[in-house]
1. Taking 35 Å as R0, compute the FRET efficiency from the Cβ-Cβ separation of Val95 and Lys180 and round it to 0.05.
2. Test of understanding: extend the Cα→C-beta vector of Thr150 to 7 Å, then name every residue of the range 175-213 with backbone N under 15 Å from that spot.
3. Can you list the HN-Hα couplings for the range 179-189, worked out from phi with the Karplus curve (6.51, -1.76, 1.60; θ = phi - 60°), rounded to whole Hz and with x for Gly and Pro?
4. Compute the FRET efficiency between Ile29 and Thr199 as 1/(1 + (r/R0)^6), taking r as their Cβ-Cβ distance and R0 = 22 Å, and round to the nearest 0.05.
5. Treating only the Cβ of Lys, Arg, Asp and Glu as charged (+1, +1, -1, -1), what charge dipole size does the range 65-135 show about its Cα centre? Round to the nearest 20 debye.
6. Once the principal axes of the Cα atoms of the range 123-167 are found, what is the range along each, listed largest first in whole angstroms?
7. Which number comes out as Rg/Rh for the chain once both Rg and the Kirkwood Rh are worked out on C-alpha atoms?
8. Which value, in debye to the nearest 20, describes the size of the charge dipole of the chain about its Cα centre when Lys and Arg Cβ atoms bear +1, Asp and Glu Cβ atoms bear -1, and nothing else is charged?
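Every number in this text was worked out from the coordinates using simple rules, so none of it is lab data. For clarity, every value in this text was computed on a predicted model and none was experimentally measured. Positions of Cβ are backbone-derived with ideal geometry, glycine not excepted, and every protein chain shown enters the neighbour counts.
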Amino acid sequence: MTTGKCIRPLQRHYNEIAELFQKEKFDLIIAEGGDTQAIIDIAKGHRRDQFANHIHIHYIPPENIVKNYGHVIGVSEFVTKEYLKACTMPVQAHVLKNAIDVKRFSRSVSEEQKRSIRKKLGLSEKDFVVLYVGRILEVKGVLELMQAVTSLEDEHIKLLILGSANSGKWSFSSYERKVKKLSEQNKDRIIFTGYVDNTEVYKYASVANVQCVPSLWEEAAGLVVLEAMAAELPMIVSDSGGMIEYVNRDAALVIERESIIENLKKTIYYMKENPEIRKQMAENAKGSVK
């Protein structure tokens with residue numbers, strides 16, 4: 001039966017906190033995603049300048065949100081400026097960049113442990129390992145990275161992929177199946193681990209020579225680049241959104257997304273053939289993340 005009513009997915013949650021808003025008057029209410037209109041609806045009596053929209057993604061706000069939120073907090077200059085483009089009335093803009101637990105990704109791994117990890121993954125000491133960490137989504141450029149690596153003639157250039165479609169062990173999207181199929185067709189060049197818990201990533205990073213973030217869309221920020229710098233890994237990153245604001249340019253090579261496969265091929269090969277440059281980039285990454 002059609003009721004004609006709109007039932008919001010998070011309605012139960014907002015019903016639970018509505019009473020709190022009715023009893024209390026807050027100096028500032030920060031919306032962390034979710035149904036931002038619902039927050040306005042249940043926090044009646046608060047002024048526009050008491051609402052702040054914390055933006056973690058590339059987001060263009062509709063008029064009703066601009067009308068009711070007097071502040072925007074963006075995780076990068078890029079997303080903050082993109083948000084403001086849609087604002088038809090004054091909005092106070094703030095940039096609050098993301099951060100990570102540096103110790104989690106900078107843990108040391110002994111040479112013996114590294115050899116053991118490489119052996120477990122089927123990697124030899126001669127192999128040059130390109131690491132990808134993240135969700136297996138089309139906008140992340142995973143297939144393009146795989147195509148770049150497998151088309152390089154140097155058989156010692158290997159790709160190690162850590163991740164799943166939805167950051168969970170049991171998720172498996174149609175795009176992820178394509179990635180899995182291509183990896184199975186190129187088992188000698190691609191190691192596909194699936195989901196790896198965030199606390200275990202440092203072990204895999206320890207056997208990589210370079211980390212690649214080939215995003216095709218506009219990244220809001222990208223914690224993965226902070227994690228790579230904490231692990232003192234030289235990087236190859238695309239010129240994507242706010243991500244390049246986080247990268248130490250002395251520790252990474254930034255490539256254009258146009259003709260990304262060719263750009264990846266050239267840059268990966270360049271990194272492999274220049275160990276001294278990689279060493280300097282790794283040194284430059286040290287201390288970049290506080």
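1. That gives a FRET efficiency of 0.40.
2. Answer for the range 175-213: 175-193.
3. 4, 4, 4, 5, 5, 5, 6, 9, 4, 6, 10
4. So the FRET efficiency works out to roughly 0.10.
5. Details: 14 positive and 7 negative charges, 47 e Å.
Result for the range 65-135 is approximately 220 debye, rounded to the nearest 20.
6. Sorted largest first, the three principal extents are 33, 20, 8 Å.
7. 1.04
8. 640 debye
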